[in-house]
Amino acid sequence: MDAPTQTTQIIDLQYLLDKLDTLMTPEDYLSQSSNQHSTSAIFSAFSLQIRQIIPFETLGFLMPDEDRLDFSLCSCWPNAEVFEELQSHVDRLINSGNFSLALDQNRPVITHHESEQLHLEVLHVLATRSKIIGMFIGITHESNQKLNQLQLKLLTIILAHCAYALDADALTQQINQHKNMLEDVVEKRTAQLIKAKDLAESANRAKSEFLSNMSHELRTPLTSIIGYAEQIKDKLTQQQVSKKNLEDAVKQSQIIVRNGKHLFQIINDVLDLSKIEAGRLEIEKFCFNPVEIIEEVKSAVSVLSKEKGLFLAVHYNLPFPAEIYSDPTRLKQILLNLCSNAIKFTEKGSIQIEANFTQQSQMLYFNIRDQGIGIPSDKLDLIFEPFQQADNSTSRRFGGSGLGLVICKHLSEALGGTISVTSQETKGSTFSFSIPTGKVAYEDLLQTQSDLFKYHLKDEQVNIPQLQGKVVFSEDWLDNQQLISLLLDSVGVENIATSNGEEALEKVLELSPDLVLMDIQMPIMDGKEATQLLRACGYAGPIIALTANVLKEEVDNYLALGFDGFLAKPISRQAFYNTLKQYLSENDQNNTKKQSMNWECSSKYQTMKTNFALGLEQRFHEIQQAYQQQDSSQFASLIHALKGAGGSFGYPEVTEISKQIEQAYKEQQYAIVERKLSQLKTIVQHINFPQ
Amino acid sequence: MNPTSKLERTALVVDDSNLLCELLKDSLIELGFDNVLVANDGKQAVSAYKRNTIHLTFLDLEMPKQNGIETLKEIKAINKDAYVVIVSGTGTADSVKKAIVLGAKGFIVKPCSPSKIAEAVTKFNATHTELRFNE
């Protein structure tokens, strides 16, 4: 009984070992798992293993569709021709419910099917522990096969293995997909970064180029300023200054002035542009006469055109408005820039300024035509761009910051207009710009040339007025201090220089001058604080700020602090004289001084003054007595009193000498005290008995 | 001396030099003040201030016994709105700042010419329109 059973068991055991060996053969598909066709590689590898356990005649694998509602055959064996046959098996099994039965359990579902021959249909789910991956179907003739439990268990093991392989493969593919996506993103980002870096580098290069160009532009005028100034100094410090030396010096100082102005222009341009780039361009619109502005520009640039022998003409197309609403400073700036450019680039011929107005658009149109070198057509777009000159060598040849046109573009746009250029190389260029005028009424239009002429200005000659009065000014920079002193000397006023706010405060309080010119930026105490203190102390005279900072908000701030006005630095002589004229009286009018002078001239004061003078001898006697009796407190108090009173009664020399005596006495310099006392005696005698 | 009525203007002049007090007094009367009191040092000034209604004070800075700054403090303690103009030999920034911070309404540097006095009085008048000139 036992023997056959044992034999069967032995055979089964041998069979099992063989099959397990098969299962352990290396799996080719693994090496191809990263391959795109890895799913079919897995199927073919497992179909081989399965056939070594159960020799199916045909077999196939089904995978769910994307919506997971239906399964479709995605791999058939031995070839694609069996697809139809397998599909008909599948359809039948789905209809009979066996397919869904197989999905529910992790074991083979075997169906007998009778067509020409008797077939066995084996369904087995492909599933991992957590999800269904697909379905296996195998067909075999029953006569060939006797499927035992062992084979079926092995099939289950193989298909489980297959399911995990497919799942792992799907995950690998997902990972690869993510990796590729990431790589794409990184690549895109890198490209963007490289582009940004390139842009930054080229902008930086342009700035560097501009800066080196700029520093060259700044150095060039400075070199000639310093050079010629040294020449003049040498010539004028020689023992004997010849007439020729003087003539040379005048010529050279003209060069210095011209270069200084040029330098100033460059610095202004750079500052303007930096303000524009920082979005801080200030526009201040009000009503003004455009003809006056145009004529001012004409008279300013005609100096330059005359120097070069160029013909400069302004042509107004009538009718032309007598008043427009815009920013005159900015309009002037645009016109000055374009006109001086035109002159700069023209060697001979003419510069024409054309001004038009159209009623419909309420716009002014300007054309500035030159006969200069022109601009190559491919560079026309570049000339309005910052740091992008038509040719960097241009500025070397013709000077200038190369920023003028950029500024003009910003300004005309800020005023609501446009700017453009047309040019022909070697023939010349025409710059055109427009600005809105605001509403111009018909009666405000100038109709004839003679209307226009009313506004033409004469060439301005700087007239030096002759004034009187006392001016205290502060300026910490010694060169400027000397310059202001010279200007004040030239109008004939007494002037006292101070170097900081504290000194100014002391001097103004002491001297109570007719006018104060106050620098803003100074060490120790700035001009703002000094002015505030002066106002608190009751100084009521005019105080004018000297400042390079004349932005509107700053000027308002000065006025609020107690300043009466301002003078822009560098100081223009005409503006300086105009301001002085406003606050000081003319030299030939003696009776226009302050009201307080009345009291000074009054008989009462004159009597007090006389009494003081008459009492001086007695006072001097008392002082001398106290000194001889070595009554130091009495002596000090008497001298102190005399010091305070002398100037108050109109004898500043008494105050001055008393001050010196007081000082010497404090320092116990008795020899000096005695000498000064005898001087005081002389002064006292002189006051009472002149001559 | 009459007690000061609302329409009268009274000034106090403080200086250790009688000469200067005299000048200031005459000037102030000339400029329309009804009464001008005189003190020769800080202590006198404070007691004069306590006893009288004073509209304007000219106060010397350099005085023996009690200097102007101390005196200014005491006057301000009596009447925080006291209108005091400092008179000093020098207008150093230090002393000016001190005086202004303590509430001085003006600062005159000697020699105190009639025009400086007049200027200070003009400023005073501008802020005290309720007091009328007796001219």
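The values are calculated or read from the model by the stated rules, or taken from the named source; none is laboratory data. Owing to the predicted nature of the structure, the values given are computational and were not obtained by experimental measurement. In this analysis, Cβ positions are derived from the backbone assuming ideal geometry, glycine residues included, and neighbour counts consider all displayed protein chains. Please note that ligands, DNA and RNA were not included when accessible areas were found on the heavy atoms of the full protein model with its side chains. Shrake-Rupley method; radii C 1.70, N 1.55, O 1.52, S 1.80 Å.
Is it fair to say A:Ile293 is on the phi < 0 side of the Ramachandran plot and at pLDDT 85 or above?
Here the answer is yes, as A:Ile293 does meet what is asked.
Looking at (1) without any contact (Cβ under 8 Å) to a residue 60 or more places away in the chain; (2) closer than 19 Å to B:Gly106 by Cβ, can you tell me which one A:Asp514 breaks?
Condition not satisfied by A:Asp514: (1).
Yes/no per residue for (1) of a type in the set (S, T, N, Q); (2) farther than 28 Å from A:Lys609 by Cβ:
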| residue | (1), (2) |
| --- | --- |
| B:Ala11 | no, no |
| B:Leu19 | no, no |
| B:Gly32 | no, no |
| B:Lys50 | no, yes |
| B:Thr57 | yes, no |
| B:Asp60 | no, no |
| B:Lys65 | no, yes |
| B:Glu70 | no, yes |
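What number of residues within the stretch A:315-349 satisfy the criterion of being more than 26 Å from the chain's Cα centre (by Cα) and in a helix (DSSP H, G or I)?
5
Specify the residue that is surrounded by the most Cβ atoms within 10 Å (Cβ to Cβ); the eligible residues are those in the stretch B:21-44 that are within 11 Å of another protein chain (Cβ to nearest Cβ), among the aliphatic types (A, V, I, L, M) and over 17 Å from B:Lys110 (Cβ atoms).
Only one residue fits best here, namely B:Leu31.
When both residues are 6+ apart or on different chains and their Cβ atoms are under 7 Å apart, which pairs have a first residue that lies in the stretch A:629-651 and is charged (D, E, K, R), and a second that is part of a helix (DSSP H, G or I) and buried (at least 16 other Cβ atoms within 10 Å of the Cβ)?
Cβ pairs passing all conditions: A:Lys643/A:Thr655; A:Lys643/A:Ser658; A:Lys643/A:Lys659; A:Lys643/A:Glu662.
Test A:Leu246 against the criterion of being within 23 Å of A:His410 (Cα to Cα) and without any contact (Cβ under 8 Å) to a residue 40 or more places away in the chain, and give yes or no.
So A:Leu246 does not fit the description; no.
Could you please find all residues in the stretch A:85-99 being surrounded by 11 or more Cβ atoms within 10 Å (Cβ to Cβ) and more than 13 Å from A:Ile139 (Cβ to Cβ)?
A:Asp91, A:Ile94, A:Ser96, A:Asn98, A:Phe99
Out of everything in the stretch A:105-132 that is open to solvent by 20 Å² or more (accessible area, probe 1.4 Å) and among the aliphatic types (A, V, I, L, M), what residue ends up being modelled with the highest pLDDT?
Going through the qualifying residues, I end up with A:Ala127.
Identify all residues within the stretch A:623-656 that are more than 9 Å from chain B (Cβ to nearest Cβ), open to solvent by 70 Å² or more (accessible area, probe 1.4 Å) and touching a helix residue (DSSP H, G or I) at 6+ places or on another chain (Cβ under 9 Å); write none if there are none.
Of everything in the stretch A:623-656, those that are more than 9 Å from chain B (Cβ to nearest Cβ), open to solvent by 70 Å² or more (accessible area, probe 1.4 Å) and touching a helix residue (DSSP H, G or I) at 6+ places or on another chain (Cβ under 9 Å) turn out to be A:Gln625, A:Gln629, A:Gln634, A:Glu653, A:Glu656.
Looking at the stretch A:672-690, I want the residues that are more than 19 Å from A:Pro652 (Cβ to Cβ) and have a partner that is outside any loop (DSSP other than H, G, I, E, B) with Cβ atoms under 6 Å, at least 6 apart or on another chain. Which pairs are those?
From the stretch A:672-690, the pairs are A:Ile672/A:Ala664; A:Val673/A:Ile661; A:Val673/A:Ala664; A:Val673/A:Tyr665.
Those residues that are modelled with pLDDT of 85 or more and in contact with a Phe, Trp or Tyr (Cβ under 7 Å, 6 or more places away or on another chain), I need them from the stretch A:612-635; list them, please.
Answer for the stretch A:612-635, where residues must be modelled with pLDDT of 85 or more and in contact with a Phe, Trp or Tyr (Cβ under 7 Å, 6 or more places away or on another chain): A:Ile623, A:Ala626, A:Tyr627, A:Phe635.
How many of the residues in the stretch A:290-314 are surrounded by 17 or more Cβ atoms within 10 Å (Cβ to Cβ) and outside any helix (DSSP H, G or I)?
3
Out of curiosity, is A:Asn79 farther than 16 Å from A:Leu159 by Cβ and more than 60 Å from the chain's Cα centre (by Cα)?
Answer is yes for this residue.
Got a number for residues in the stretch A:429-443 being at pLDDT below 85 and either part of a loop (DSSP other than H, G, I, E, B) or open to solvent by less than 60 Å² (accessible area, probe 1.4 Å) (or both)?
2
Do we find that B:Thr122 is surrounded by fewer than 16 Cβ atoms within 10 Å (Cβ to Cβ), more than 18 Å from A:Glu503 (Cβ to Cβ) and without any contact (Cβ under 8 Å) to a residue 24 or more places away in the chain in this structure?
Judged against the criteria, B:Thr122 is a match.
A quick yes/no check of all residues on (1) open to solvent by 40 Å² or more (accessible area, probe 1.4 Å); (2) charged (D, E, K, R); (3) at positive phi:
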site	(1), (2), (3)
A:Ile225	no, no, no
A:Leu246	yes, no, no
A:Asn317	yes, no, no
A:Glu323	yes, yes, no
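Could you check the stretch B:72-81 and list, in sequence order, the residues that are modelled with pLDDT of 90 or more and closer than 21 Å to B:Val121 by Cα?
Selection gives B:Leu72, B:Ile75, B:Lys76.
So, A:Ile232, is that one crowded, with 16+ Cβ neighbours inside 10 Å, in contact with a Ser or Thr (Cβ under 7 Å, 6 or more places away or on another chain) and under 25 Å from A:Cys408 (Cβ atoms) or not?
It is false that A:Ile232 is crowded, with 16+ Cβ neighbours inside 10 Å, in contact with a Ser or Thr (Cβ under 7 Å, 6 or more places away or on another chain) and under 25 Å from A:Cys408 (Cβ atoms).
In the stretch B:11-20, which residue that is assigned to a helix (DSSP H, G or I) and facing chain A (nearest Cβ under 7 Å) is farthest from B:Ile69 (Cα to Cα)?
B:Leu19
Check A:Ala536, A:Ala530, A:Ala504, A:Ala545 and return the single one that is within 9 Å of chain B (Cβ to nearest Cβ), outside any loop (DSSP other than H, G, I, E, B) and open to solvent by less than 20 Å² (accessible area, probe 1.4 Å).
So the residue among A:Ala536, A:Ala530, A:Ala504, A:Ala545 that is within 9 Å of chain B (Cβ to nearest Cβ), outside any loop (DSSP other than H, G, I, E, B) and open to solvent by less than 20 Å² (accessible area, probe 1.4 Å) is A:Ala530.
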